[in-house]
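What follows is a single structure, written as structure tokens, with notes after it.
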Amino acid sequence: MRKIVQFVILWAQNFVLYATMAQTEAALSALSAAMTAAFEYGVLTALHTKKKLAATLGVFGMAAKLALHMYYRYYGSFPDIYKMTQVTYLKDVKEVVLELIHPLYPLYLALGIAALVFILRDADAPKKRISPACFVAAAALYGILLALPGTDYGLYSGAARQMAASLSDYGRAQKVASLVAEEDDLAAAYPDLLTRLDHKNAYTGIGSGKNLLVIQVESLQNDVIGKRYKGQEITPHLNALIRDRGSLYFTDYMQMLGLGNSSDAEFVSLFSLYPNNRKGAYSLYADKDLYGLIDMAKNRGYDTFAMHGYRGDFYHRDAVYPKLGFDEIDLGESYAQDDKMGMGLSDGSFFRQSAEKLIQRRGADADPFFGFMITLSSHTPFYCPDKYKALEIDPSIEGHILGNYLNAIHYTDEALGQFLDELDRAGILENTVVALYGDHFAMTKNDPEQTADMTAFNGRPYDYDDMMNIPLIVHVPGADIRETVKTTGSQLDFLPTIANIMGWNDEIAVLFGRDLLEPQTEEHRVLQQTYMLKGSYLSQAELFEITRDGHFANSRYIDRTNRKPLAVKTAAEKSDAAKETIDLSNALCETDRIGEMRRAAMEGTERLDAALTVMHAGGTIDGMRYTNFKETLDKEYAAGKRYFEIDLSETTDDRLVCIHSWDGYTQKFFGYGGSEETPVSRAEFLALKERHGYTQMDLSMLLDWFRAHKDAYLITDIKTDNVRHLVRDFADVEPALKARILPQIYAQSEYAPVRQAGFEKILYTLYLSGDTPQEVAAFYDAARPYAITVSEQKAEAGYADVLRRAQIPYYVHTVNDADAAKAWIKKGAIGVYTDRL
């Protein structure tokens, strides 16, 4: 009788957990509890001679089941061996862990301790012992539990099955990685991945030349956008932004996460590559040769920065951001932590301090910027101090996750609105494309309380296409649009969509996403791999959730338009394709062949006649721009190019060396610096080891190269004290070479002293000039410089028309699309500055 009581207590302890897991039925909970209790009872009695070991295993088992239960309640699945490596982040999200504590946990622990004490107390009496055969029988029964369809809710069995599934997934992924590693010509094998920007539509370039500010909002879920709660507007500022002229609101936009959670949302959005379900993308791919939105911005002369109010070591952002190419980086250590809320600095303080930094750094003549900002206050469990609670919450959800969330996201919305107002008052917003999106869901479908609350809030059953749905809002000042885009997409599509808006369609990059503003010619599927397991997907019309028990027939497949079930077997091919696509992206990153693939595609682009092109920063080598390397000049010269624009920057000992600037380019090419200007002496610069094995040059080396290539022409781009350096540093250059040097000047006042220094062909570049087209034409008539150089943005704004009518020779920069270059030449340009044409 005593043994029966012991077993019943152990069964009751397990039943407490199983009965409180989402998506379980009572009968299955009872069966799972019985199987688990039998297994544990057999183990404990079999170890009757080793009570300390038995006690240790018993306590460990209780703790493990508790951890698995909490994990399952949040994620709806069990962790595999890779997810267990994320335990180091628990200290930073302790509020989330505390929120997952179930009221029945004390009962679970009490029953577990009681069962352990009773069983071990009786273990000393041989006549009362159960034979070790009990352990064998229990293990056999548990094996049956593992094999049966639909029984993944046993904590041990579910975890074991997930471990097995992760190993199987890893094996399949490794096969794909091997195929990628062995493929000789990836550009030819996967051409579609390289042409995702090769199109134009009504939205192409509507943000051309403007700043780009991307804001990733913590836990911003689409359910609250445009909604009122008890008559109170939840996100009034975001709603107003959506209503503004120039706004695009994407309503069926989904999160795309791997194991890196919020950091994966960043990675996917910035690179249009799939995350990895074994480890955070930043941990795996930060050192790989990738090419994304940051690079595209830098290649157009944009300053780049990242801002986040939390600690720099979280997700390794302090180490990763310089590698990604951000010039200026402000993380938690750069902010006064003067107003804590939840995990860290409040969004109000973060946005206030960020506005001050941004306004201070953006002078009237500053280059355009690409900024990336990440909020924090609306992080689960959505703690909001009373002083910031503005919404009246119904007692029925007061203290619930949803009740907390409504006030937290309302607070973030208010802080965001004040930030945008501050930028507007500073005159920055009028020339800035703002794109903001949620990093991931707020309310999980895997918690019964949250599911019930969201079902009531939305007035319909809460499902994964609600949970995954985050908003994407893009505001383009001056654009004559105000549209709602219903195309299904995800963070994977952010880069190609934004690149099209910015007019960066000439870029060649490996992208797995698509421009959501381009008419879709085929079903666009959003592939998931975390909360919906790998092989699941969403499309405009379908939701496929692959089974969690390893038996495909138990998967769920529905029509999103009417929620009716579809035949599961018809989704098999799409599900397999989903896995293969994710594996391909991961393999390209892991084998580090994305850069190679991109460079191969660039080598195949059309080249224009040498007389029509000035190779910007020397041209392109290995897919890299702004290099100014000797090998870049060698390569482009061998390809027939003869006109080379070279960046010259001032060292700490007042010498000129060939580098675009002393900020992000030192990190990109030499592995130091990054967020601040970090000049060095000439000797120190020449002693640096270029990361790709190429040769940096000073002015003396550059002039020697041109002496050796007697039909090549040098166009200078001197960043500091242009006139002084042209007069002093080129004074002793022999006349034959000096005749092949075309200095650029940045103001009309620079022309006379440069002309007196012996330069015959002088280019007046307008990118720092405030001259009107008419003033430029008048200057040309008076001084007769060799030509005018104008950016595409200014050329489109009327400068090209004035110059053409006045028959003034002009170049357009920087043009990397062959059709666009031909169009400018047809409009009267004598050539274009280009990176690769």
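Among the residues that make up the stretch 649-657, is at least one of them assigned to a loop (DSSP other than H, G, I, E, B), under 17 Å from A617 (Cβ atoms), in contact (Cβ under 8 Å) with a residue 12 or more places away in the chain and assigned by TED's automatic domain parsing to the domain that holds E760? No, because not a single residue in the stretch 649-657 is assigned to a loop (DSSP other than H, G, I, E, B), under 17 Å from A617 (Cβ atoms), in contact (Cβ under 8 Å) with a residue 12 or more places away in the chain and assigned by TED's automatic domain parsing to the domain that holds E760.
Considering only residues that are assigned to a strand (DSSP E or B) and modelled with pLDDT under 95, which ones fall in the stretch 219-274? Full working, then the answer.
As a first pass, look at the stretch 219-274 and keep what is assigned to a strand (DSSP E or B): 228-229, 232-233, 247-254.
Selection gives nothing.
Going by the conditions given, is A499 in contact with a helix residue (DSSP H, G or I) (Cβ under 9 Å, 6 or more places away or on another chain), assigned to a loop (DSSP other than H, G, I, E, B), in contact (Cβ under 8 Å) with a residue 12 or more places away in the chain and buried (at least 21 other Cβ atoms within 10 Å of the Cβ)? No, not satisfied.
Filtered by the rule that a residue be surrounded by fewer than 20 Cβ atoms within 10 Å (Cβ to Cβ) and closer than 15 Å to H709 by Cα, the stretch 621-636 gives K630, E631, D634, K635. Whenever a residue of the stretch 299-316 is in the same structural domain as A336 (by TED's automatic domain parsing), its partners that are of a type in the set (A, V, I, L, M) and outside any loop (DSSP other than H, G, I, E, B), lying with C-beta atoms within less than 6 angstrom and at least six residues away or across chains, give the pairs T304/I294; T304/A297; A306/I329; M307/M373; H308/I374; G309/L345. Taking the listed residues I359, I329, the one that is surrounded by fewer than 19 Cβ atoms within 10 Å (Cβ to Cβ), over 20 Å from A408 (Cα atoms), of a type in the set (V, I, T) and touching a residue at least 60 places away in the same chain (Cβ under 8 Å) is I359, with no other qualifying.
Only one residue in G640, G618 is crowded, with 18+ Cβ neighbours inside 10 Å, touching a residue at least 24 places away in the same chain (Cβ under 8 Å) and at positive phi, so which one is that? Let's see the steps before the verdict.
Details: G640 fails: crowded, with 18+ Cβ neighbours inside 10 Å.
Checking each option against the conditions leaves just G618.
Of the residues making up the stretch 641-651, those that are more than 15 Å from Y833 (Cα to Cα) and in contact with a helix residue (DSSP H, G or I) (Cβ under 8 Å, 6 or more places away or on another chain) are L648, E650, T651. Mind checking which residues of the stretch 389-415 are touching a strand residue (DSSP E or B) at 6+ places or on another chain (Cβ under 7 Å) and either at pLDDT below 95 or of a type outside the set (V, I, T) (or both)? Those that are touching a strand residue (DSSP E or B) at 6+ places or on another chain (Cβ under 7 Å) and either at pLDDT below 95 or of a type outside the set (V, I, T) (or both): L391, E392, L406.
Each residue in the stretch 281-298 was checked for being without any contact (Cβ under 8 Å) to a residue 60 or more places away in the chain and not in a helix (DSSP H, G or I), and 2 of them qualify. For the subset of the stretch 524-545 comprising residues that are among the aromatic types (F, W, Y) and farther than 11 Å from S490 by Cβ, which member is surrounded by the most Cβ atoms within 10 Å (Cβ to Cβ)? Here the residue is F544.
Scanning the stretch 482-521 for residues that are under 19 Å from D465 (Cβ atoms) and among the hydroxyl-bearing types (S, T, Y) yields a count of 4. Restricting attention to the stretch 239-261, the residues that are crowded, with 21+ Cβ neighbours inside 10 Å and under 20 Å from M307 (Cα atoms) add up to 1. List the pairs whose first member sits in the stretch 235-255 and is in contact (Cβ under 8 Å) with a residue 40 or more places away in the chain, whose second member is basic (K, R) and assigned to a strand (DSSP E or B), and whose Cβ atoms are under 7 Å apart, counting only residues at least 6 apart or on separate chains? Once the first residue is in contact (Cβ under 8 Å) with a residue 40 or more places away in the chain and sits in the stretch 235-255, its partners that are basic (K, R) and assigned to a strand (DSSP E or B) give R245/R482; S247/R482. Taking the stretch 362-384 as the range and being surrounded by 15 or more Cβ atoms within 10 Å (Cβ to Cβ) and more than 24 Å from the chain's Cα centre (by Cα) as the test, the residues that pass are R362, Y383, C384. Scanning the stretch 299-314 for residues that are closer than 15 Å to F326 by Cβ and in contact with a Leu (Cβ under 7 Å, 6 or more places away or on another chain) yields a count of 2.
For the stretch 684-701, the condition holds for at least one residue, the condition being that it is more than 23 Å from T765 (Cα to Cα) and among the β-branched types (V, I, T).
Mind listing whichever residues of the stretch 385-400 are of a type outside the set (G, A, S) and closer than 13 Å to A456 by Cβ?
First pass over the stretch 385-400, keeping only residues of a type outside the set (G, A, S): 385-389, 391-395, 397-398, 400.
Answer for the stretch 385-400, where residues must be of a type outside the set (G, A, S) and closer than 13 Å to A456 by Cβ: D394, I397, H400.
For V815, the test of being buried (at least 23 other Cβ atoms within 10 Å of the Cβ) and within 22 Å of G640 (Cα to Cα) is passed. Just so you know, in the stretch 461-476 the residues that are farther than 21 Å from T235 by Cα and in a loop (DSSP other than H, G, I, E, B) include one that is farthest from the chain's Cα centre (by Cα), and it is P461.
The values are calculated or read from the model by the stated rules, or taken from the named source; none is laboratory data. Bear in mind the structure is a predicted one, so any value in this text is a computation, not a measurement. With ideal geometry, Cβ positions are generated from the backbone for all residues, glycine too; neighbour counts draw on all protein chains shown.
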